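The values are calculated or read from the model by the stated rules, or taken from the named source; none is laboratory data. Quick caveat, the model's predicted, so the values are computed rather than measured. Heads up, the Cβs are rebuilt from the backbone with ideal geometry, glycines too, and the neighbour counts pull from every protein chain shown.
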Amino acid sequence: MNTAKIKTLMGLSSAGLILAAPMSVWAHADGQSISQDALVSAAQTVSCELENGDITTCTKYVVKYVPDNLVIGPFCPKTTKQKGGIWHWDGDETGLYRIDESFLTMLSEQGYTFFNEDGQVLITDVRTSQPASQNTCLQASFDKSVEMTILLPKVPVKSETVTELGTVAKVGLALDGVPIFADAPSVLDTGHMPALDTCGGHIDPGGWYHWHATSTDINSIFKSDNLDAECAIEQNASAMFAYAFDGFPIYGSKEIDGKKPSDLDECNGHIGTTPDSPKPSYHYHASTTFPNLPTCLTGVVAKNNFTTNAAQGIGAHGGAGPGQGAPGHKGGTPPGFEEAAKKLGITANQLFKVVEKNGGRKLDISAAAKELGISEAALKAALPKPPR
Ligand SMILES: [Zn+2]
Ligand SMILES: [Zn+2]
């Protein structure tokens, strides 16, 4: 865990903003929240639009494909004799398992065989190739050029209705700088197993690492499930783990006094004091079963709150943009956008998206600048000259 993440009362620099908020939120996503080991560039305060149409301020984080010095893996074991990571099986004998010989044998008996006669596990690198057989263990390799841009509201706003978090829904950003998503796709749906490591993470087909669990309170689950697995990341069930995409903090499964909270709402949240907030404020807690994440969000998220410059995967630029998918043109943005985006401190895909949305070649500079939270002049200066 990084240490430069939790604001002390003394360190709060924007107390005015917080006091003006409808609810007291002492832990809020700002420039100091996320580990320096993960940031590509310094966090920025930008203007942003929430899903409910509110214009507010967000903290914008650009994070690396994986934070420096984070220990990850193992995912798929090479052979049935080795131990890989973990998997939450949702067929017969549902539960959380270590990916080892007995688990793989059980799956084979249920009609899902992930290994050959020699005991070699069938592994597919989903970033670079397609599975060659019906059941393979998925383990993507890194694309070290990937950057992820994340927008978190500085002052969280409660939503009128809760947002359910279904398969691979966006949950939040860990203080370590690792994005968090809800359930990984089921083997029952795809036939393939996107193996998780013992901290509940793996590499997306886009080439970047993310978590599907509250990693700083995951060993408690292994213990209660009697699972032979351990996450090497420092564990603390009372500590803050992440910011949800709505800006509210997520803590481990216990309160500051070590007790389990008893008044949680349907999203596993409540108003109470935390190690970071002497005044009661709204926050989520990890659950005590896998995946130990909130199952819904009670706040409003920002539009375009998660984008990557990856060629595929969650958050990748999915539009039919020029050059999309063309060899040597990964990310699919037009010439000059890479440089322009660099000048503006955002990803090329993010810039392209905003430009497309605001008129493309007949760009509404004012609207695009507003959406990016920069001046018209700055945007004009950075953009490539339109081709004639
Ligand atoms: Zn995943
Ligand atoms: Zn609490």
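Does at least one position in region 243-250 carry a residue that is modelled with pLDDT of 95 or more, in the same structural domain as Ala174 (by TED's automatic domain parsing) and within 16 Å of ligand 1 (Cβ to nearest atom)? Even if it seems obvious, please write down each step before you answer.
First, pick out the residues of region 243-250 that are modelled with pLDDT of 95 or more: 243-250.
Those still in the list that are in the same structural domain as Ala174 (by TED's automatic domain parsing) too: 243-250.
Narrowing further to those that are within 16 Å of ligand 1 (Cβ to nearest atom): 245.
There is at least one residue in region 243-250 that is modelled with pLDDT of 95 or more, in the same structural domain as Ala174 (by TED's automatic domain parsing) and within 16 Å of ligand 1 (Cβ to nearest atom).
Considering only residues that are among the hydroxyl-bearing types (Ser, Thr, Tyr) and either free of Cβ contacts under 8 Å to residues at least 24 places away in the same chain or in contact with a helix residue (DSSP H, G or I) (Cβ under 9 Å, 6 or more places away or on another chain) (or both), look in region 140-196 and name the one that is farthest from Pro294 (Cα to Cα). Let's see the steps before the verdict.
Going residue by residue through region 140-196, those that are among the hydroxyl-bearing types (Ser, Thr, Tyr) are 141, 145, 149, 159, 161, 163, 167, 186, 190.
Adding the requirement that they be either free of Cβ contacts under 8 Å to residues at least 24 places away in the same chain or in contact with a helix residue (DSSP H, G or I) (Cβ under 9 Å, 6 or more places away or on another chain) (or both) leaves 149, 161, 167, 190.
Details: Thr149: 22, Thr161: 15, Thr167: 13, Thr190: 25 Å.
Ranking the candidates gives Thr190 first.
In region 220-264, what residues are over 29 Å from Asp143 (Cα atoms) and polar (S, T, N, Q)?
Ser220, Ser224, Asn226, Asn236, Ser238, Ser253, Ser262
Modelled with pLDDT of 95 or more, away from ligand 1 (no atom under 15 Å from the Cβ) and in a loop (DSSP other than H, G, I, E, B), is that true of Gly207? Explain how you work it out, then say what you get.
Details: modelled with pLDDT of 95 or more: yes; away from ligand 1 (no atom under 15 Å from the Cβ): no; in a loop (DSSP other than H, G, I, E, B): yes.
So Gly207 fails the test.
Yes/no per residue for (1) among the polar types (S, T, N, Q); (2) touching a residue at least 60 places away in the same chain (Cβ under 8 Å); (3) in contact with a helix residue (DSSP H, G or I) (Cβ under 6 Å, 6 or more places away or on another chain):
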position	(1), (2), (3)
Ser215	yes, no, no
Ser220	yes, yes, no
Tyr243	no, yes, no
Gly247	no, yes, no
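Scan Leu264, Leu293, Leu227 and give me the residue that is in the same structural domain as Pro179 (by TED's automatic domain parsing), crowded, with 22+ Cβ neighbours inside 10 Å and either of a type outside the set (S, T, N, Q) or free of Cβ contacts under 8 Å to residues at least 40 places away in the same chain (or both).
Working: Leu264 fails: crowded, with 22+ Cβ neighbours inside 10 Å; Leu227 fails: crowded, with 22+ Cβ neighbours inside 10 Å.
It is Leu293.
Test of understanding: among Val155, Val168, which residue is more than 24 Å from Gln82 (Cβ to Cβ), within 13 Å of ligand 1 (Cβ to nearest atom), outside any strand (DSSP E or B) and of a type in the set (A, V, I, L, M)?
Among Val155, Val168, only Val168 is more than 24 Å from Gln82 (Cβ to Cβ), within 13 Å of ligand 1 (Cβ to nearest atom), outside any strand (DSSP E or B) and of a type in the set (A, V, I, L, M).
Within region 196-219, can you find the residues that are within 16 Å of ligand 2 (Cβ to nearest atom) and of a type in the set (S, T, N, Q)?
Of the residues in region 196-219, the ones within 16 Å of ligand 2 (Cβ to nearest atom) are 214, 216-217.
Selection gives Thr214, Thr216.
Looking at Glu230, Glu255, Glu266, can you tell me which residue is more than 19 Å from Pro294 (Cβ to Cβ) and either acidic (Asp, Glu) or within 16 Å of ligand 1 (Cβ to nearest atom) (or both)?
Numbers: Glu255 fails: more than 19 Å from Pro294 (Cβ to Cβ); Glu266 fails: more than 19 Å from Pro294 (Cβ to Cβ).
Sole residue among the options that is more than 19 Å from Pro294 (Cβ to Cβ) and either acidic (Asp, Glu) or within 16 Å of ligand 1 (Cβ to nearest atom) (or both): Glu230.
Please indicate, with yes or no, whether at least one residue in region 244-256 is within 14 Å of ligand 2 (Cβ to nearest atom) and surrounded by fewer than 19 Cβ atoms within 10 Å (Cβ to Cβ).
Yes, region 244-256 contains a residue that is within 14 Å of ligand 2 (Cβ to nearest atom) and surrounded by fewer than 19 Cβ atoms within 10 Å (Cβ to Cβ).
Yes/no matrix, rows are residues, columns are (1) modelled with pLDDT of 95 or more; (2) in a loop (DSSP other than H, G, I, E, B):
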{"position": "Lys254", "(1), (2)": "yes, yes"}
{"position": "Asp263", "(1), (2)": "yes, yes"}
{"position": "Gly272", "(1), (2)": "yes, no"}
{"position": "His283", "(1), (2)": "yes, no"}
{"position": "Pro294", "(1), (2)": "yes, yes"}
{"position": "Thr298", "(1), (2)": "yes, no"}
{"position": "His317", "(1), (2)": "no, yes"}
{"position": "Gln324", "(1), (2)": "no, yes"}
{"position": "Pro334", "(1), (2)": "no, yes"}
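Restricted to region 187-204, and to residues that are assigned to a loop (DSSP other than H, G, I, E, B) and either modelled with pLDDT under 95 or among the acidic types (Asp, Glu) (or both), which residue is nearest to ligand 1 (Cβ to nearest atom)? Break it down into steps so the answer makes sense when it comes.
The first filter runs over region 187-204 and keeps only residues assigned to a loop (DSSP other than H, G, I, E, B), leaving 191-192, 195, 197-200, 204.
Now drop any that are not either modelled with pLDDT under 95 or among the acidic types (Asp, Glu) (or both), which leaves 197, 204.
Numbers: Asp197: 11, Asp204: 6 Å.
My answer is Asp204.
Would you kindly identify the strands (runs of 3 or more DSSP E) lying entirely within region 20-127 that contain at least 2 residues that are at pLDDT 95 or above and over 21 Å from the mean Cα position of the chain (by Cα)? Before the answer, list the steps.
Values: elements: 44-49, 55-64, 86-89, 95-98.
Answer list for region 20-127: 55-64, 95-98.
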